[in-house]
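A.B. asks: Sharing a structure below in structure tokens format, with a few things to ask.
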Amino acid sequence: MNMTVNSFNYVIENGAITGATVAFEGNDGNGQYINAQVKVLASDLASGQTFLTVTASDIQTLAQTKFKNYAENGFTDTTTKA
């Protein structure tokens, strides 16, 4: 499935960039879809980096890594919610 970024937004609090939200979507052409929104926090950045020193591409890569981790490990609780 090909995933694309459909939204990228910085989170600004008190005039400072404190995070970013990256939204992904995917469609395999056979009726299966994935939509996800991933927050990248300052704590996700490498030591010494800030949102002013990394590129949007760097943030997208961090979000993709977090999303993949969620997808691989996100089904530990398979209960159905009513």
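A.B. asks: Say whether the condition of being at pLDDT below 95, of a type in the set (Val, Ile, Thr) and surrounded by 11 or more Cβ atoms within 10 Å (Cβ to Cβ) is met by at least one residue in segment 66-81.
C.D. replies: no
A.B. asks: State the number of residues belonging to segment 11-59 that are aromatic (Phe, Trp, Tyr) and within 12 Å of the chain's Cα centre (by Cα).
C.D. replies: Number of matching residues: 1.
Quick grid of which residues meet (1) surrounded by fewer than 14 Cβ atoms within 10 Å (Cβ to Cβ); (2) in contact with a Lys or Arg (Cβ under 7 Å, 6 or more places away or on another chain); (3) at pLDDT 95 or above:
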position: Gly19; (1), (2), (3): no, yes, yes
position: Val22; (1), (2), (3): no, no, yes
position: Asp28; (1), (2), (3): yes, no, no
position: Gly31; (1), (2), (3): yes, no, no
position: Asn35; (1), (2), (3): yes, no, no
position: Leu45; (1), (2), (3): no, no, yes
position: Ala56; (1), (2), (3): yes, no, no
position: Ala63; (1), (2), (3): no, no, yes
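The values are calculated or read from the model by the stated rules, or taken from the named source; none is laboratory data. Only a predicted model underlies this, so the values are computations on that prediction, with no experimental measurement involved. Because the Cβ atoms are built from the backbone with ideal geometry, glycine has one as well, and the counts that use them run over all protein chains shown.
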